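See structure below.
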Amino acid sequence: MANRVVTLLLRATLANQQRPYLKPVAAANGAIRPLWALCGGKPTYFSSGIYYLRFKQGPKLVFERIGLAPETPRPPAFCPGPRPVRSSLAMRADGKR
């Protein structure tokens, strides 16, 4: 079976100069809150950050940089089908989590 899970992540710099990949925060309507991510279990605003898509390509885990704007996430070139509907959550191509 093909690898079909794509996850949107935010990479931001913390106070201790670490740069982890963080899960974005979703608003009540399911849209992504720009530059907000869960840090230590709490929603935190980061003044600068870069969005990445995480997916598997064969046995390799790939992080593809998509830029600053969360409004335009796109699936990787190898992923057939429509764009993810809820990009803040990991979803399979068939729409199931």
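None of the figures in this text is laboratory data; all of them are computed from the coordinates on show. Computed from a prediction, not measured in an experiment: that's the story for all the values here. Here the Cβ positions follow ideal geometry from the backbone for every residue, glycine too, while neighbour counts run over all protein chains shown.
Observations on the model:
- In Hz, Karplus ³J(HN,Hα) per residue of region 45-60 (6.51, -1.76, 1.60; θ = phi - 60°; x = Gly, Pro): 8, 10, 5, 9, x, 10, 8, 10, 9, 10, 7, 9, 10, x, x, 8
- Summarising the label geometry, the points placed 7 Å from Cα in the beta-carbon direction at TYR45 and THR13 lie 1.9 nm from one another.
- Between amide H atoms placed 1.01 Å from N, distances below 5 Å from VAL25 occur with ARG33, TRP36, ALA37, LEU38, all of them 5 or more places distant or on a separate chain.
- In this label model, LEU61 and ASN29 are separated by 3.4 nm, measuring between points 7 Å along each Cα→Cβ vector.
- Anisotropy class of region 7-67 from Cα gyration tensor, a/c 1.5 cut: oblate
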